[in-house]
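Let me begin by presenting the structure, written as structure tokens, before commenting on it.
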Amino acid sequence: MIRVAIADDQQLIRAGFSALLANEPDIDVVGEAATGTAAVELVKRLHPDVVLMDIRMPDGDGLWATEQIAADPALVSTHIVIVTTFELDEYVGRAIRAGASGFLVKDTEPVELIRAVRVVAGGEALLSPSVTRRLLERVASGLRDSSHAVQLEALTDREREVLALVGQGLTNTEIAGRLFLSPLTVKTHVSRTMSKLAARDRAQLVVVAYEAGLVRAGWN
């Protein structure tokens, strides 16, 4: 059973997400929060598998709450999905750095919301690649200007190649097809790359790819 918490200051949004997810036999909505502080307290108490986190909330916004949750070693198994709009692009880079595992837009189709919860709970950090890629392209210049650009000397040539494709939003299966490798081999390369770069998850690897210049906005 996938345990989900919903953090949003709009009761209608929380109720809508909750009702939709509650109809799924493998998903259990364990709690709701209307503020950032309440979200952090809720997650610490219940340890849900997935948190659907709004950005704009009172008493500690969703970005602050994401940072608090991701920094807690006891909550390493909790994955955060930021629920955002393209108008909030300037916050995406900070959210990924903080430990967000993926993104949804608030007007997403119901089937995509359900899929996102399952994908993230299953360990796939980067969901809806096309949406994430568009969001990151809009903040890419800011990411690449970071004074903490990641050094890639520890990576093999193959790992660097895989990292570049992860940065383009490709899934393991898509990368496997591009490089003529098995999906399992790609998964191994991704895991090793995350370990070497101390990346929390796949979403942070996308930031690394942009910061290191392996991917540029608008690349296909």
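Miscellaneous remarks
- Check on D8, under 19 Å from L104 (Cβ atoms), surrounded by fewer than 22 Cβ atoms within 10 Å (Cβ to Cβ) and in contact with a Gly (Cβ under 9 Å, 6 or more places away or on another chain): no
- Some residue of the range 34-51 being in contact with a His (Cβ under 6 Å, 6 or more places away or on another chain) and part of a strand (DSSP E or B): yes
- Single residue of E112, E137 found to be open to solvent by less than 70 Å² (accessible area, probe 1.4 Å), within 30 Å of A5 (Cβ to Cβ), part of a helix (DSSP H, G or I) and modelled with pLDDT under 80: E137
- Per the conditions (1) out of contact with any helix residue (DSSP H, G or I) (no Cβ under 7 Å at 6 or more places or on another chain); (2) surrounded by fewer than 17 Cβ atoms within 10 Å (Cβ to Cβ), the sole criterion not satisfied by P183 is (1).
- Residues that are in contact with a Ser or Thr (Cβ under 9 Å, 6 or more places away or on another chain), open to solvent by 10 Å² or more (accessible area, probe 1.4 Å) and modelled with pLDDT under 90, drawn from the range 71-96: Y91, R94
- Among residues of the range 161-217, those that are at pLDDT 85 or above and part of a loop (DSSP other than H, G, I, E, B), counted: 3
The values are calculated or read from the model by the stated rules, or taken from the named source; none is laboratory data. The structure presented is a predicted model; accordingly, all values stated were derived computationally and were not measured. Heads up, the Cβs are rebuilt from the backbone with ideal geometry, glycines too, and the neighbour counts pull from every protein chain shown. Heads up: the accessible areas ignore ligands, DNA and RNA and are worked out on the full protein's heavy atoms, side chains in. Shrake-Rupley method; radii C 1.70, N 1.55, O 1.52, S 1.80 Å.
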